[in-house]
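Here, each number is a calculation from the coordinates, and none is a lab measurement. These figures come from a predicted structure and were not determined experimentally. Backbone-built Cβ (ideal geometry, glycine too); neighbour counts: all protein chains shown.
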Amino acid sequence: MQYEFITVNPDAQPGGIAHIQLNRPKELNALNLELMSELKSALQGLDKNEAVKVIVLSGNEKAFAAGADIKQMAGKSAIDMYEVDQFSTWDAIKKIKKPIIAAVSGFALGGGCELAMLCDMIVASETAKFGQPEIKIGVMPGAGGTQRLTRAVGKALAMEMVLTGKFIDAAEAYRVGLINRVVPVELFLEEAFRLAAGVAEMSPVAIKLAKESVLKAFDSSLEEGLHFERKNFYLLFASEDQKEGMQAFVEKRPPVFKGK
Ligand code: CO8
């Protein structure tokens with residue numbers, strides 16, 4: 001399928017690693033409705049593609065994404081926003097079962113920061129800047145910023161970032177637990193692929209159920225989350241990969257996972 005605002009490579013790296021690149025460089029990858037719709041459709045396609053195990057999502061060196069497209073939103077009324085229902089796209093992306101790793105360099109602001117946080121892990125270049133500057137244009141985060149950022153970095157810093165629009169750099173983002181790794185700018189994509197490769201070696205079915213279980217921790221009580229985890233743990237004993245993984249350990253050989 002041909003896209004206008006993103007490029008998609010289902011076979012970017014050996015071992016089932018796909019790559020989606022946001023591709024509106026002149027606008028710093030501002031997330032217009034069309035780009036988000038393309039992103040949803042590409043992610044859904046990769047989620048169904050059996051050859052793909054992990055998806056890396058990047059922008060370019062200057063920007064992961066500088067937020068929602070302000071020019072597209074500027075003249076909208078509340079009812080326009082309601083009718084457009086752009087967050088159904090975000091809800092669909094949240095349902096992608098395969099792990100998505102954000103490779104962030106440069107600006108990850110507003111919806112761009114929210115998109116990175118919607119991914120499962122974040123690898124950043126030393127030049128990355130994270131922020132929720134919506135307050136400076138008279139609004140506030142709308143795609144999870146007040147919730148995911150607060151859960152990731154705690155109330156004090158999240159409140160300051162959301163109320164003042166302050167950016168944090170990659171080193172601080174790493175220190176406060178927002179991201180997984182910081183690497184020199186020339187290595188950010190390579191490092192994201194390396195992290196993806198480490199995941200892609202595992203059983204595809206276990207990866208999906210494990211992702212689902214970790215995410216459950218965000219919207220459930222401890223008791224409910226533990227129950228959910230246990231069910232998924234039991235479910236994996238119905239997979240061939242569990243038999244293979246444990247047998248391979250016993251036989252002291254590497255497992256060969258099939259995703260069944
Ligand atoms: N929307 C539209 N266009 C943008 C955006 C944006 N968010 N960010 C940058 N651009 C455009 C600029 O207008 C400029 O275009 P042009 O050359 O035609 O004037 C081009 O990208 C380059 O930008 P700058 O010249 O400003 O580049 P600088 O390096 O000087 O500055 C900054 C970079 C600091 C990133 C600056 O561009 C900036 O402040 N951008 C806006 C950041 C922002 O406020 N983001 C939050 C937007 S609101 C939001 O995200 C709401 C999220 C909730 C809904 C999510 C749904 C997707």
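Just a few scattered comments:
- Residue in region 169-179 that is under 23 Å from Met73 (Cβ atoms), touching a residue at least 12 places away in the same chain (Cβ under 8 Å), crowded, with 16+ Cβ neighbours inside 10 Å and not polar (S, T, N, Q) present: no
- Restricting region 36-65 to residues that are surrounded by fewer than 20 Cβ atoms within 10 Å (Cβ to Cβ) and small (Gly, Ala, Ser) leaves a set whose member that is nearest to the ligand (Cβ to nearest atom) is Ser37.
- Selection within region 101-111 - out of contact with any Pro (no Cβ under 7 Å at 6 or more places or on another chain) and near the ligand (Cβ under 7 Å from one of its atoms): Phe107, Gly111
- Taking region 4-35 as the range and being more than 9 Å from the ligand (Cβ to nearest atom), in contact with a Leu (Cβ under 9 Å, 6 or more places away or on another chain) and not β-branched (Val, Ile, Thr) as the test, the residues that pass are Glu4, Phe5, Pro10, Ala18, His19, Gln21, Leu22, Asn23.
- Any hit, region 66-83, residues being within 12 Å of the ligand (Cβ to nearest atom), charged (D, E, K, R) and surrounded by 14 or more Cβ atoms within 10 Å (Cβ to Cβ): yes
- Single unsatisfied condition, Gly131 versus (1) surrounded by fewer than 18 Cβ atoms within 10 Å (Cβ to Cβ); (2) touching a residue at least 24 places away in the same chain (Cβ under 8 Å); (3) over 13 Å from the mean Cα position of the chain (by Cα): (1)
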